[in-house]
Amino acid sequence: MQGMTDIIANKPRLPQELGALLAGRRVELGLSKKAVAERAGRVREVVYRLEGGEEASVSSLFDVLRALNLVMRIEPAGLPTMEEVAAAFNKDDDDAS
């Protein structure tokens, strides 16, 4: 489901990449969006927004991470490469078809 070389080895740099990782983990666990929302104590729309790479609160993100048995790790990183940016934009174009 994830693609893009598994979102550059699970190091998302864009909201859409984080969303793809969250969706992939949810599917891996065999959970519905509703089940994740219930585990997180959030409404289902929060899960849709996060998986879609849309705006959501930091606390909502942490609640969903917890519901998926994930943690966030912060580390220094450079900017995405031109290839990573182009791939992300090309994926959006492909989705519109």
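Miscellaneous remarks
- Qualifying residue in region 82-93 (condition: basic (Lys, Arg) and either farther than 15 Å from residue 11 by Cβ or surrounded by 10 or more Cβ atoms within 10 Å (Cβ to Cβ) (or both)): yes
- All positions within region 61-81 that are part of a loop (DSSP other than H, G, I, E, B), of a type in the set (A, V, I, L, M) and under 24 Å from residue 26 (Cβ atoms): 68, 70, 71, 72, 74
- Hey, residue 28 modelled with pLDDT of 95 or more, out of contact with any Leu (no Cβ under 7 Å at 6 or more places or on another chain) and closer than 18 Å to residue 12 by Cβ or not: no
- Scanning region 31-81 for residues that are over 16 Å from the mean Cα position of the chain (by Cα) and surrounded by fewer than 11 Cβ atoms within 10 Å (Cβ to Cβ) gives 75, 76, 77, 78, 79.
The values are calculated or read from the model by the stated rules, or taken from the named source; none is laboratory data. No experiment lies behind these values; they were computed from the predicted model shown. Neighbour counts are summed over all protein chains in view; Cβ atoms, including those assigned to glycine, are modelled from backbone coordinates with ideal geometry.
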